[in-house]
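In what follows, a single structure is set out as C-alpha cells and then discussed.
The values are calculated or read from the model by the stated rules, or taken from the named source; none is laboratory data. The structure presented is a predicted model; accordingly, all values stated were derived computationally and were not measured. Note that each Cβ is placed from the backbone with ideal geometry, even for glycine, and that neighbours are counted across all protein chains shown.
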Amino acid sequence: MRTADVVIVGGGIHGCSTALHLALRGLRPILIEKDYAGRHASGVNAGGVRQLARDLHEIPLSIASMGLWERIEELVGDDCGFESHGTVLVAETETELASFRARVEDLRLRGFTHEELIDRAELKRLVPAVADHCPGGVVSRRDGAADPFRTTQAFRRRAIEKGAEVLEGVTVTGLSKVGANWRVETSAGPIEAPKVVNAAGAWADRIAAMLGEPVPLTVVAPMLMVTSRVPAFIEPVVILRGRKLSFKQLGNGTVVIGGGHLATSNRDRNETVLDWDKLAISARTVWELFPAMRAATIVRAWAGIEAFMPDGIPVIGPSSTSEGVFHQFGFSTHGFQLGPGTGAMMAELVATGSTNTPIDGLGIERFR
Amino acid sequence: MFKRLAEAGASVAITVDGKQVAARAGDTVAAALIAAGIAHCRTTPVSGAPRAPYCLMGVCFECLVTIDGVGSRQGCLVPVRDGMAVETQTGKREAGR
Amino acid sequence: MTKASDLASSYELVVIGGGPAGLAAAALAARAGLSTVLFDENPGVGGQIYRAITSSPVKDRAVLGEDYWTGAELAVEAKASGALIVTGATVWSLDPTRLVGISIAGQARLIQADRVIVATGSLERPFPIPGWTLPGVMSAGGAQTALKAQGLVPSGRTVLAGGGPLLWLLAAQILRAGGKLDAILDTTPRVNWLRALAHLPDFVLSPYFSKGLKLLREVRAKVRVIRTDRVEAVGDDRLREVVFGTGDGERRMPADLLLLHQGVVPNVNLAIAAGVTHAWNERQLCFEPVLDGDFTSSVPGIAIAGDGAGIAGGTAAAERGRIAAIAAVRALKPAASAPDVQIIRQKLRREEMGRAFLDWLNRPADSFRQPTGDTIVCRCEEVTARQVRDTADMGCEGPNQMKAFLRCGMGPCQGRLCGLTVTELIAAQRGTTPVEVGYYRLRPPVKPITLAELASLPIAEAERKAVER
Ligand SMILES: Cc1cc2nc3c(=O)[nH]c(=O)nc-3n(C[C@H](O)[C@@H](O)[C@H](O)COP(=O)(O)OP(=O)(O)OC[C@H]3O[C@@H](n4cnc5c(N)ncnc54)[C@H](O)[C@@H]3O)c2cc1C
Ligand SMILES: Cc1cc2nc3c(=O)[nH]c(=O)nc-3n(C[C@H](O)[C@H](O)[C@H](O)COP(=O)(O)OP(=O)(O)OC[C@H]3O[C@@H](n4cnc5c(N)ncnc54)[C@H](O)[C@@H]3O)c2cc1C
Ligand code: FES
C-alpha cells in the first residue's frame, strides 16, 4: 500500500501551492491530478494578480498572497512572468465613482489601505488610452499579472524538488476512512494518508460528496480572448464593474480581454463551447473604452472550467463531516492570485491544526 | 522573381507605402506585391526579420499588410481595387499604428 | 456581392469551402431542395486544385492542363443549383451546436445550420529547413496559385525542392507557361520504394499511373533533377543561394526563388475547433478526422468531405462531397430525390485506388519533418527545433504544454505551419508516438478576426434587453 503524509486532490495552482508548502514543512505529500498540472483554470486564466475589489473575507488571504507574489522567484525558482503595474478599476460614471469612494472609505475604516481612489487626471496618467468619459477609479498599486501556466508549473516543479510526489493522469475515485487513515482510491491504485486536501477545482463538489458533504458548487467557464501583438500602450490591468471587462497587455504586446462572460461547459469531457454573442459584448466594451484597440485582431479565444460558489467566495478550511480532510476550492473566478498564500495557509492548517491567517466565513459549514 | 504571362488582366492602380504600383484585375494584394518585385512585406514582431508571402492560400499569415488603414490583413486573400492603399508592416507592430 | 447582413439567420446546410468537395456538395444538396449556403474565404471558388477557375488569366489550356479545366463544370453546376455561394467569406468559428461564425468584408455574423459540411481541404505539409522563412522561399503551392490565379511565372533563378505528385505537376505547368527551372532537388528517400512496391499493382490500374509517368518524363526532359537528403536556404534579407547535400559533399546554387513542397495534409483547424475527434494516419503522417462511411464526424450534424477528410485528391474530393450531401438530404428531406449513393461510392473507390502507392512512395524523410538545431519550427513566434527538443527533454509531454512554454503555435497561423512538426518532434524526443503526443488543442476563432469585426456582430436580443433595463 502506497502511503503519504497528505494526499492532495487536484493539480491547479492551489493543489500545487499546498503541495510545495507542505513539503517545505518537511511533510511528504502526494498530489493527484487527473489531467496535467495547470490543464484547467490555473493554467488558462487571465493571470490577474489583484487584491483590488476583493470580498472582505478574502482580503487577509489576498494580502498574504501578495507578499509571496512579490518574492515569487525566491519561492519557486521562476519569476512566473510576474510584473507589478497595478490594477485599475475604472469608473464609467460619477455614480459609479461615488460607490467606489464609499468602498475605499469603508476599507480604510477596517484598516485596509491597498485600494486608493483616483481622479480623472490620475486615471489618465495611469491609463492614457482610456476613453474620455471615465471620471476616475480605484487603483491597487502593488497588483500585477503573471503567466498562469508557467506559475502553476513552477509550483509543481519546486514542490517535487522539495519532496512532494506528483501523479498526473491519475483520477481520485473514492475516499474512505480506514483506521486513523484516509484511503484514497485512484485510477492507479489506492493510497493511504492521515490527511487529505480537496483542491479539485470545478470537480471539488464530487470529492466533498464522497464525504457526505454536499456543496452548492456550480461549474462555470469564463472566456478570454487574446489579440495579436500591438504596440505597448497600457501597463496596469484594467477592470470594470458595471460592464464585465478585464483588460491587460502582456509584455509581448498581446492583449488579454476577459471579464467574466461565460462559455457553456461540460466538465466530464473537459469541454467548453464559446459564446460569441457574449464575446462580442466584450469586444464592444473594448471598442468604446480603448479606441486604440479597434484595429487589433483577435487571434485566440478560450474558456477555463472553474468552480463558482453562490456567495462568490471560496470554501477553505476543515471538512465539517470528516476529520483530517480539508477543503480548498470554489475560487469563483478569482483564485489565481490567492494560490501562493492559500497554499501556505493550508499547509500550516494541515500541519499544525490552526492558522494565523484569518479564514473566517470561508468554511464549508456555511452551506449547511 | 516572377513575371506575368502576357494574357494577364486590365490594370488596377494601387499604392504601396505611398508609391504607385501597377496591379492587374484578378490580383490579390500579395500577388501584386510579388509581381512588383517587392522583396518583403513585413518584419516580424518577434525578431524584426523580413518576411514575404509564403503560401498564397491563406494559411501562413506571412503576407500580413495594412490595407486602407486596417492592419494585419492577409494580403493573399484580398483582391486589389483601384485606389487601394497598401502599407507594408515593416518596422511596425501589428495593430497598424 | 453578398453582404453579411444579406444572409438568413439559419440554413439547412452550410458548406464551408468552395473547392471540388464543397462545390459538389452544395450543388447536390441545393438541387435536392435544401436551403444551402457555401462560404469560401478566397475571392473566387475552385479551391486549391481549381483555383481561380472562373477568372484565371491563363488562357492557353495546355499550360494548366485539362484536369484543371474540368473544374469549370463544378463551378457552373454549383452556381446553377440554387445554392447561395459567398466568396470572400471567412469562417472563423464552428461549434458543436453548428453555429457558424463568418466574416464578410469586415462584417461578422453567426449563422445556425442544421447540417454542416466542412470542405476546407488541405494545406502543404510544413517543410522546416534552415532558412525557410527568408523572402524568396515560397511554398510550391503558392507559386502554383500565383500561376493559376494571376498568371505569374517564376522568372529568376528558380529551384524547386521536395517531392510528391504536386511538385511534378507544378514543374510541368511552369515549364509549359514558359518559365525556367534551374534544378529540381528531389528529397524523397529511395528506400520508400520498398514499402510502396506492394501497392504497385493497384497504382498501375489507377488513373494516376499513366498521367504520373507522362508528367515525370515531361519534366525530366527539361530540368536537372538531383537527389538530396539535405536542403538549406541561405541569405540575408532574402534568399541568395540554395545549399544541398550530394553523395560526396555539398553544393551551393545561387538562387532568387526556392519553392518547397513535400505533399499535402488535411487542414484540420476548423474541425478540431468544432470538437471533431481526430486520429493519426501513419501512412500519410498527419492527423485526420475520424469519420463514418458518409463522412459524418464525431460531432452530430457535422460532416467533413474532400481532402480535409484525409488526402485523396480533387476528383475523390468531389465524390466525397456528394456522399456527404446525400446524407444531409436523407436526414433533412428524406422524400427528396438524390443520386444513387452506391454509384458514387464505386467511383470514389476507383479514385482512391492508387493512393497507397503514392503515399508510401512520397513519404517525406524524417530529416525533413523533424528538424534540428536553429531551424525555425514555428514561423510566427520564431521558435526553433532546438527549443522544442530541449523543452520536450525537460519533461514537456504535449503540444499544448509546449505552447505555454515557448509560444509555438500561438501566432496568427494558429499552428498550421508548425503543428505537425511540433507533434513529431515531441514524439521523437520522448521516444513515443504522435498518437500519444496529440495535436494542438485548437479553439475558435480559427482565423483571426478584428476586434471591430467581432464588435460588429448583430446585438443579441438578451444584450439589447440588458441595456434597455
Ligand atoms: C496549394 C495547393 C495546391 C494544390 N494544387 C493541386 C492541383 O493543382 N492538382 C491537384 O490534383 N491537387 C492539388 N492540390 C491538392 C488538393 O488538396 C486537391 O486534392 C483538392 O483541391 C482538394 O479539394 P477540396 O475540395 O477538399 O479542398 P480545396 O480545394 O482545398 O478547397 C478548400 C477551400 O476551403 C476554403 N477554406 C478553407 N478554410 C476556410 C475558412 N475557414 N473559411 C472559408 N473558407 C475556407 C479555401 O479557401 C479553399 O478554397 C493542391 C493542394 C494545395 C494545398
Ligand atoms: C478564464 C479564466 C480567467 C481567470 N482570471 C483570473 C484572474 O485574472 N485572476 C485570478 O486571481 N483568478 C482568475 N481566474 C480564477 C482562477 O483561475 C481559479 O480560481 C484558480 O485557478 C483555481 O485554482 P484551483 O487549483 O482551485 O483549480 P484548478 O486549476 O481547476 O485545479 C483543479 C484540478 O483538480 C483536478 N481534479 C479534479 N478532480 C479530480 C480528481 N477526482 N482526481 C484528480 N484530479 C482532479 C482537475 O483536473 C484540475 O486540474 C480565472 C479563471 C478562468 C477560468
Ligand atoms: S501568403 Fe500565406 S497567408 Fe497569405
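Summary of values
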read-out	value
Odd one out for B:ASP27 among (1) within 16 Å of ligand 1 (Cβ to nearest atom); (2) surrounded by 23 or more Cβ atoms within 10 Å (Cβ to Cβ); (3) under 13 Å from the mean Cα position of the chain (by Cα); (4) closer than 24 Å to C:VAL58 by Cα	(1)
Failed item in (1) under 18 Å from A:GLY48 (Cβ atoms); (2) more than 16 Å from the chain's Cα centre (by Cα); (3) more than 14 Å from chain C (Cβ to nearest Cβ), with A:PRO310 passing the rest	(1)
3 or more residues touching a strand residue (DSSP E or B) at 6+ places or on another chain (Cβ under 6 Å): qualifying strands (runs of 3 or more DSSP E) within the range A:220-310	A:223-227, A:237-240, A:245-249, A:255-258, A:297-303, A:306-308
Counted residues, the range C:33-64 - those being away from every other protein chain (no Cβ under 12 Å), over 18 Å from C:VAL14 (Cα atoms) and of a type in the set (S, T, N, Q)	0
C:LEU34 touching a residue at least 12 places away in the same chain (Cβ under 8 Å) and more than 26 Å from C:ALA143 (Cβ to Cβ)	yes
Residue in the range C:93-105 that is hydrophobic (A, V, I, L, M, F, W, C) and at pLDDT below 95 present	yes
Some residue of the range C:88-107 being free of Cβ contacts under 8 Å to residues at least 40 places away in the same chain, under 26 Å from B:VAL29 (Cα atoms) and not basic (Lys, Arg)	no
Selection status of A:GLY304, on the phi < 0 side of the Ramachandran plot, more than 9 Å from every other protein chain (Cβ to nearest Cβ) and crowded, with 24+ Cβ neighbours inside 10 Å	yes
Those helices (runs of 4 or more DSSP H) lying entirely in the range C:333-449 with at least 3 residues modelled with pLDDT under 95	C:341-352, C:355-361, C:399-406
Qualifying residue in the range C:206-217 (condition: buried (at least 18 other Cβ atoms within 10 Å of the Cβ), under 28 Å from C:ALA317 (Cα atoms) and of a type in the set (D, E, K, R))	no
Selection status of A:GLY136, on the phi > 0 side of the Ramachandran plot, away from ligand 2 (no atom under 13 Å from the Cβ) and in contact with a strand residue (DSSP E or B) (Cβ under 7 Å, 6 or more places away or on another chain)	yes
All positions within the range C:393-419 that are surrounded by fewer than 24 Cβ atoms within 10 Å (Cβ to Cβ) and away from chain A (no Cβ under 13 Å)	C:ASP393
Residues (within 23 Å of B:ALA39 (Cα to Cα), part of a loop (DSSP other than H, G, I, E, B) and touching a Phe, Trp or Tyr at 6+ places or on another chain (Cβ under 7 Å)) located in the range C:145-192	C:SER155
Considering residues of the range C:65-105 that are among the small types (Gly, Ala, Ser) and within 14 Å of chain B (Cβ to nearest Cβ) only, the residue farthest from C:LEU23 (Cα to Cα)	C:ALA105
Unique match (being within 19 Å of A:ASP35 (Cβ to Cβ) and within 25 Å of the chain's Cα centre (by Cα)) among A:ALA209, A:ALA204	A:ALA204
Helices (runs of 4 or more DSSP H) contained in the range C:1-99 and holding at least 2 residues surrounded by fewer than 24 Cβ atoms within 10 Å (Cβ to Cβ)	C:61-64, C:66-69, C:71-80
Which numbered condition C:ALA113 fails, given (1) on the phi > 0 side of the Ramachandran plot; (2) in a strand (DSSP E or B); (3) not polar (S, T, N, Q)	(1)
